């Protein structure tokens, strides 16, 4: 069997075992297991890295456990504004959407931008018009209503506060989701999706839909998907920074991800993590927080699922 690798994340943050019930831990583990299994089956069947990362992210978008798709947090206006991006390392084509509402799987819309438009990044009303032109169904707000997300919003509604998806609150949910893969053809791909920050205002956009900040893929180096305090990932151009260190300084994947997450990101004041896979199938899951929902699998190796720091 030829080489392949898949890694997924469901968000990084203050994930402490004492804040997690057995039932919640089992639910998150099951959701991660399902997503990585779906992607692995695609790669095992000689499918493409793009199909694998899209399928993994779609699976997590369909779960209310993660801050993406169905589980997206509430904005200051009580709506759900979702962002997503996807990138193909074989030709560096990419697609991204931001501030979309009612879209069940934003990652699919991002992929349509990549494959069916001449653009990379569409936002707001324009992205919704594009979705309509592609016959994407727009779901009612009730589909995205989650009681715990609603309670999070109610606590800070009407204030100037916002809340990252990796809050220290005991009952907080976590959850920007992402996936990276290497397929048997030697191509890498990455995808990321998020609901952003609770109580976000003014059309705030994080790193998740930004190519080079939250998502990047290049066959010559690696594929990366990030999660954490988006403003810092944007300022650090984190996803591309990993690729650049491999390309221009000849660092290994592990060396590059460690340098970016444990040094450069922290120097800016940012916290979070990333997943990455290189063209040889090596995987890195690097984070500077208490935990990160994550799973990975490789050819001829058992899958691994984890939440906390080892």
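Checked against (1) modelled with pLDDT of 95 or more; (2) touching a helix residue (DSSP H, G or I) at 6+ places or on another chain (Cβ under 9 Å), residue 118 passes all but a single condition, namely (2).
Selection within region 127-161: residues that are at pLDDT below 85 and either part of a strand (DSSP E or B) or in contact with a helix residue (DSSP H, G or I) (Cβ under 8 Å, 6 or more places away or on another chain) (or both). The member of this set that is surrounded by the fewest Cβ atoms within 10 Å (Cβ to Cβ) is 146.
Looking at region 223-239, is at least one residue crowded, with 24+ Cβ neighbours inside 10 Å and more than 16 Å from the chain's Cα centre (by Cα)? No, region 223-239 has no match at all.
Of the candidates 203, 214, 236, the single residue that is within 30 Å of residue 81 (Cα to Cα) and at pLDDT below 95 is 203.
For region 276-297, the tally of residues that are in contact with a helix residue (DSSP H, G or I) (Cβ under 9 Å, 6 or more places away or on another chain) and assigned to a strand (DSSP E or B) stands at 14.
Taken together, the residues in region 10-29 that are assigned to a helix (DSSP H, G or I), touching a residue at least 12 places away in the same chain (Cβ under 8 Å) and more than 24 Å from residue 56 (Cβ to Cβ) amount to 2. Within region 223-244, residues that are at positive phi reach partners that are modelled with pLDDT under 95 and assigned to a strand (DSSP E or B) with beta carbons closer than 8 Å, at six or more positions or on different chains, in the pairs 228/12; 228/13; 228/272.
The values are calculated or read from the model by the stated rules, or taken from the named source; none is laboratory data. Bear in mind that the values here come from a model prediction, so they are computed numbers and not experimental data. Note that we place each Cβ from the backbone using ideal geometry, even for glycine, and neighbour counts take in every protein chain shown.
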